[in-house]
1. I'd like the FRET efficiency for CYS33 and SER175, computed as 1/(1 + (r/R0)^6) with the beta carbon distance as r and R0 of 41 Å, rounded to 0.05.
2. Need one number: nm distance between label points at GLU219 and LYS234, each 7 Å from Cα along Cα→Cβ, rounded to one decimal.
3. From the phi of every residue in the stretch 48-60, what ³J(HN,Hα) in whole Hz does the Karplus formula 6.51 cos²θ - 1.76 cosθ + 1.60 yield, where θ is phi - 60° and glycine or proline is x?
4. If amide hydrogens are placed 1.01 Å from N in the peptide plane, which non-local residues have theirs closer than 5 Å to the one on TRP13?
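Bear in mind that the values in this text are calculations on the coordinates, not laboratory data. As the structure is a prediction and not an experimental result, all values here were calculated from the model. So basically every Cβ, Gly included, is an ideal-geometry build from the backbone, and we count neighbours across all protein chains shown.
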Amino acid sequence: MAKKYNLVCVSFWTEPALVLTLYYHLDLLVKNCHFAYQDNHKDTIDYMSGVRAIEPKDLMSYIQATENISTVVHRIIYRVFNDVKKADFIVCNDVQALDSNSPLRGNYLIGNESPRARVRDNLSSCKRNLTLKEKQPIYAFGPVFPTRFTKNIVPTSLWSESNYTPWLHTKPHGSVLYISFGSYACVGRQDIVEIAYGLLLSGVNFIWVLRPDVVKSDETDFLPVGFEDKVKGKGLIVPWYRQIDVISHPTIGGVPKSLRVEFNIGKHMVRCSIVVFPYTDKPIHQQKISGR
């Protein structure tokens, strides 16, 4: 569209720069036998400019795949990065103040100075930090996250949102576990079953966001038989809940989470503990948070 009307094309990447860099350099991963092989190599990945050495087990699960690399998600990734490489420049949701090892360090668009000055300063710094800038102009601009935990008058989710705050009000301070797999990712039925039994055995109060399409199959009845009856009064299962409203509520004491940059920032802002459950692109987030 931008090319058709002779407009500047900007690619906005919502995930951290490390995820962007790894996807951007899939060709290097293939060349070094870390992707697209039935027996991907297990040696340390230390050949990408601007990326600190990383272990294959910490890569996104789609890259770790060995059997089927032509899934719908893989095809989307291939097509997206074919388009990304044609953009005039890339803007990435990266928080350099929290990540001194960001592949985009030195390329940060934020502050009170004019946009022209910011671009000039970043172009200058790019000459000193040869990372993705060797191939394409790219800048960090983050975090993309609300500065205040207030109700937004403009809907920010494609999912229908309901208010379950009255239920949370009935629970003691810091006693509720919030479980969510986000708005897009899917998990296996066995994962759901194991979490369900864990909740039953723990007896903890919880609110669990289970989208109708969260399981990677056509199954709609994926909870253990009788589970909802057994957790009445202790647990609430909902199809969707605005995340900011949940994690900022004083009754929330912990969150098993798939991990996203925006969520981690929000978690720190409201002092909410997390239990890591990484999948899809989230092993990267786990690796960065744990400091390995």
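1. After rounding to 0.05, the efficiency reads 0.25.
2. 2.2 nm
3. Taking θ as phi minus 60°, the curve returns 9, 4, x, 10, 5, 3, 9, 8, x, 5, 9, 6, 4 Hz for the stretch 48-60.
4. So TRP13 has HN proximity to VAL91, CYS92, ASN93.
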